[in-house]
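Quick notes on the structure that follows.
Read the figures in this text as sums done on the coordinates, not as results from a lab. Keep in mind that this is a model prediction, so the values were computed, not measured. Positions of Cβ are generated from backbone atoms using ideal geometry, with glycine treated the same way; all protein chains shown enter the neighbour counts.
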């Protein structure tokens, strides 16, 4: 299987978003978001709004020397699902590591309106990190207990 990394406008938007995250380029990140973008995480509360999300990555990425790369993408209608890798240095070790995960993107026209990020960060391991925080699973028809 060959990994897909190009050939669709949504891929270009995601790559621009990652370039913005990697360089803490606020304006570049803003150019990829709808004003009301929501980024859901498994290890903390959602970040809501374009400015809040761009500010979040400008603040967080430098703390761990985080650098993201899109490794593979699958597209359907106005959604994209990617596998990513993040090179980073956890403060607990100071040693470079690769963390891998997946993200589900929803687009409105050519902008990101939602990101659902799935990964298992060993250093943030907690029992409640098994699903997205603040995500309305019941309201969207997902399985419930």
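What percentages make up the Cα-Cα pair-distance distribution of region 58-99 when the bins are 10 Å wide from 0?
Calculated P(r), rounded to whole percents: 26, 39, 24, 10, 0.
How far is it, in nm, from the label point at residue 79 to the one at residue 143 when both lie 7 Å from their Cα along the line to the Cβ?
If labels sit at residue 79 and residue 143, their model points lie 1.6 nm apart.
Report the percentage of all Cα-Cα pairs in region 9-124 whose separation exceeds 23 Å, rounded to a whole percent.
Value for region 9-124: 22 percent of Cα pairs lie more than 23 Å apart.
May I ask you to compute the full-extension gain from residue 136 to residue 95, defined as 0.36 nm times their residue separation minus their alpha-carbon distance, rounded to one decimal in nm? Working shown, then result.
Details: separation 41, 0.36 × 41 = 14.76 nm, distance 3.64 nm.
Fully extending the segment from residue 136 to residue 95 adds 11.1 nm.
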